Structures are given as C-alpha cells and as structure tokens.
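Contents: one structure, followed by commentary.
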Amino acid sequence: MSEKLPTQQIIPSAMRPSMSVVEQVKNTLLDLVSSTLSKLSNETEDPETNGDSHNTSCNGSSVVSNRSKDGYHHRLSTFTLSYWCGKPLCLSPPLLAQYGWECIGEDLIKCCSCAAIVSMRLPWSNSNNYHQQCRKAMKQIISGHMQICSWPSNCSPHSYLYPFHLKYLTKECQVKLENEFVERANNLLKLNEWLPHVNNKVIASMNISDHVMTKLINKANLLMNEAEESEENADVAKMIKVSSTLLALCGWQTICDYSASNLSIQCNDTGRKIGLWNFHSIDDRCQNTNEIAEVQDVIPPKRSRQDNETKMSIVKDSFHPVNQHHVWSPWVICLKPLDPELPHITEEDEESSNDPVDATQEPGWSVLLKIILDQKPQVLEDADNSIVGEKITSESSTPVAHIRTPPKVALSAARRMLKEWSSPN
C-alpha cells in the first residue's frame, strides 16, 4: 500500500496561525525596521521629525512610514466631522493618532499596524454611565491594540501632539515658525478682497492692540503692488493686511486656486478646511458700506440700516480665526499626553487626572505671537535634552513614558519577536 501523504488535518488547527495574526506580525516588524533604518540612515536629520521625510519602499511602491510626522498627520486627517464629532477632549483625535489609530467609520477606529478595530460610540452626555464609558474608551486608546503591537509602548513623539510646548521650542524651531508665518501671510494676501473680514471685536478679544497689529504686519513683510496700496484704496489695503496677518498668526493658509468659485483655507496641523463663502468677506464689507452711503441719500436712515442689517445677517457669519479651529487643535489648546499606565488605573485614582488640557501652556497662536514680538520664553537650547531618553520629568508633572525607542532596542525587539514566533512553545 502506498504511503499516505500528509494532509492539513494532521496539523492541529491551533498550531496554524491565522492570516490576521501573520499580518499583524508583518506590519509590526515593518514598522519597527522602517523606523530603525530611518534613524540610522539619517543621523543629521532633526530628531524631532523622527523620519518626517522618510519613505519606506515596499515592492517598488513608496509608503509613508507610520512613525513619521506625515504618518501622524495622515491619521489625524481621517477624523472628519462626519465620522468623529461630539467627543470629549479626553478622546481628541491627536491622542488617538499618537497611538497609531485612524478613523475608518462613524465612531470606529483602526490601528494602522495591528489592524485592531475598536468602537468608540458613547451614550448621550446626560446618561448615568456617560463618564464611565468615557473612561473605558480612553483606556482603550492604549489597551485596545493587539498584544504584539508596539504602539502602546512606543507611541509617536509628544512633540507631534503639542508642537508649541516650551520643551520643544528651540531657537531653530522658533525661526522656522516665524518663516512659516511670513509665508502663510503672503499666500493669504493673494486672496485680496476675498479674504474674510475680521472685525474689531474679534481683534479686541485676542488682546491685540493697534501697536501690536502694526508690528505683526511689518514682520509679515506683506508684498502689495502700488495700485493696491494707493490712497484711495488705503482702507481696503489695511483690512486685507490685517486679515491675512491674523489668519497666518492662527495657523491658517490658503489651499485654493485664487478663483472666486474655490475660496477656502486650511489648517495643516489638523486638516480642517473652511470655505470662505460662508463668511463676510472684505469685498462684502466694502459693498455694504457703499450701499448704505448711497441709500441714505434717498431713504430715511432708520429704514436703510434695518434693510442692510437684515441682508447681512441672513447670508453669512463673522469669521474668528481662533474659534474656527477644532476645539482640540494645538493652535487653541495644549493637550496632556496619555499616561501609559492608564489601563491599570482605578476609578478612585482617576479623579486627579480628569482634565485633559494642560492649563499651564498657552495656545499655539499666543506662543507664536510672543515669538514674533521677540518675547521669547526661556526654552531649552538643545532639543535632545528634552526629547531623548526613556523618561521626561518636570517639577509640575509626573514622569511620562519614553517618547522614542533607540535603534538597538528596536532591532532587539524585532529579533525577540521573530524568535518567539518560530518557537514551538
């Protein structure tokens, strides 16, 4: 009798890894190796970028590393208002993107490495179990990954989460922020009278005086032609300069083709896009002013003011360069990083760490304002002193988990994972 060939039934099903687990291992190892190679081959690169411009080549295709800053911003951009809204600040997209999560559906997140999927749907805010479910969802940011996943122990650098924190504002970073401000202001200037009109109440709410406004405009070095800066257009030119400067100060930049049919601005740090057709433009302001002046010569003042006020209130809203950001934007607030021990913290120990906002730090636009006005805070001269190492400590905060894994440690972890995978035990 011929000898029977071995079949798959001879191998216990429990010994055959499922495809999902194999994919998890491949993705995790690719993540570790690509991050390590990036650090080893780019020694002269800014350590804060963590391989920002590095691309991992896979089968001839170019893939952005999940560990890079571009990878972080890509994950952040998936949290759109249609998929992610009505969440408390403790579940802000930057906190999830820092731990490798991206949004794939309404209240649904997925890890970019281990492919774990977690539902973040919450009950109504007035429900009895609302706060309990928020705490549970917050813990899943760390504990929701597969056991083999590296994100819980090696999240993206904290500098991605709050780029305006004093720990990361080296002199080089400050110069870069100033240059980006000037570039944004001059790009916004090209929108001319299509720019949203920023009224005096908004400027007053930001505590920006006329003297400070003049210094900001001079620092922006706005380039306008002679026709635009003529005496007859002086008022309009000033409004254009004020609008472009304030929008640039708050992190907005234009992404349109400067045509009337496609007027929009964007915040690169959060991916938020805004259509300017929803707001009063400088052109609207000028037209309404002219209409009021013309109508007042014929119609009694009381009626003309009422008609024009009604016309303006129906169509568009006022623009506030700070309030139009996402509530979790680094231009508006400074979020605290998650405690790596969060999944093991009991409800009794959570009372002291409920506030996700670091009230000791100023919002991004305010930090940039001080930098531009040469009111630079005392910051570390060497970024490596604050971002390299296993832990960061400060007088007012508890130790924070290590920000980045050294290359040798990452390679050792990869070898250990491969050894464990090949072991019959």
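Only the coordinates and a few stated rules stand behind these numbers; no lab work does. The model shown is predicted, which means the values in this text are computed figures rather than measured ones. Positions of Cβ are generated from backbone atoms using ideal geometry, with glycine treated the same way; all protein chains shown enter the neighbour counts.
Just list whichever of K69/K110; K69/K219; K87/K190 have alpha carbons separated by over 25 Å in the model shown. Display every interim value, and only then the final one.
Numbers: K69/K110 18 Å; K69/K219 28 Å; K87/K190 36 Å.
From K69/K110; K69/K219; K87/K190, over 25 Å: K69/K219; K87/K190.
Hey, which of these cross-link pairs are over 18 Å Cα-Cα: K176/K370; K171/K336; K215/K238; K201/K238? List each step's numbers first, then the result.
Details: K176/K370 14 Å; K171/K336 23 Å; K215/K238 13 Å; K201/K238 16 Å.
Beyond 18 Å between Cα atoms: K171/K336.
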| field | Burial order of peptide ranges 70-78, 247-255, 131-139 (average beta-carbon count within 10 Å, highest first) | value | 247-255, 70-78, 131-139
